[in-house]
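This report concerns only the one structure given below.
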Amino acid sequence: MIVRLEKEQQKSARRKLLADPVYIISHDALRKMKQDGHTQLSPVELFLSAQELCETLLALPDVMEGLDDEIDDLEDEAEGENDAMLIMTLATAQLQARSKKCVGIDIRKIIFHIYERLDGHDLLWPLIEQMTNKEDARWLEGKKSNLLNYELQEIKLNGGGSEEVKQLFADMVECSDKMDKETIKGNLLFLNRYNIDHNHAYDKEVIALFDKFGIKSTTIIKPKEYVSTKIVDTEIQNVEAGGTGVIKEMKKD
């Protein structure tokens, strides 16, 4: 049930998880848990393990009858003393996010039972508090783009080049169907500016992204021609009006 990945597998999975709001709100807290030595599992491994737990529970004929047995199995499998707690806490957040789609299943009852099992664990409420504090709309809108910046910084720190950046762009297209409108807009703004700052090395990929989202009136201009980035009125399929636009400087005769 506990997912363990090689480095390259983690990188690929992490990029796809940028479309998951629960991953967004838990990412920083999980990184801090690992940095502080509370777990050896990465945020991606913890999050995917929680997904596995959710899938297992929701597939049971009677969740409440089998819940304790599945938790026992998870605790037996866990190598670190906090791993099962972290996975179960993440699972409660994921279950809450799925609650509207789980017809006929008492999600709240499952969550409360998990909390009863975790009651008294020193890291439980600090983790929940950190995740809750990140959930407000103002933070969420900016952080989704910041995580994309984190991925680009990882490529740079690991000595990666343009091919890895292009792959990141492709990964974004692949998982875009799971993104909400604000995430898409924030990422497009960020990637368009990144492309400009890198002398339009990724024009092809940026145009492909805008085509994917149905943006009809975005201009890709040459380096040093632009004055500023602004929000322009345009028709965007699946995205509310307001895409990235770059305006040229008016030249006087």
* Structure fact -> The percentage of Cα-Cα pairs in region 1-159 separated by more than 25 Å is 29 percent
* Protection-proxy order for peptides 98-107, 161-170, 184-193, each taking the mean of Cβ atoms within 10 Å per residue, highest first -> 184-193, 161-170, 98-107
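Report the per residue volume, in Å³, of the convex hull enclosing the C-alpha atoms of region 1-61. Don't jump to the answer; show the numbers that get you there.
Details: hull volume 5.6 nm³, N = 61.
Spelled out: Cα convex hull of region 1-61, divided by residues, is 92 Å³.
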* Asked: Could you give me the ³J(HN,Hα) list for region 56-73, computed from phi with Karplus coefficients 6.51, -1.76, 1.60 and θ = phi - 60°, whole Hz, x at Gly and Pro?
  -> 4, 5, 6, 8, 6, x, 9, 4, 5, 5, x, 4, 5, 5, 5, 5, 4, 4
* Got a sec to turn the phi values of region 89-95 into Karplus ³J(HN,Hα) couplings, 6.51 cos²θ - 1.76 cosθ + 1.60 with θ = phi - 60°, whole Hz, x for Gly and Pro? -> 5, 4, 4, 5, 5, 5, 4
* In whole Hz, with x marking every Gly and Pro, tabulate ³J(HN,Hα) for region 187-200 from phi via Karplus 6.51 cos²θ - 1.76 cosθ + 1.60, θ = phi - 60°. => 5, 5, 4, 5, 5, 5, 5, 4, 5, 4, 5, 10, 6, 6
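With N set to the number of residues, divide the alpha-carbon radius of gyration of region 55-134 by 2.2 N^0.38 Å and report two decimals.
Working: Rg = 12.6 Å, N = 80, 2.2 N^0.38 = 11.6 Å.
For region 55-134, the normalised Cα radius of gyration is 1.09.
Ignoring ligands, DNA and RNA, what accessible area per residue does region 1-142 give at 1.4 Å, in Å²?
Numbers: 7520 Å² over 142 residues.
Using a 1.4 Å probe on heavy atoms only, each residue of region 1-142 averages 53 Å².
The values are calculated or read from the model by the stated rules, or taken from the named source; none is laboratory data. As the structure is a computational prediction, the values presented were derived from the model and not from experiment. Positions of Cβ are backbone-derived with ideal geometry, glycine not excepted, and every protein chain shown enters the neighbour counts. Each accessible area value is taken on the protein alone, full model and side chains, heavy atoms only, with ligands, DNA and RNA left out. Shrake-Rupley method; radii C 1.70, N 1.55, O 1.52, S 1.80 Å.
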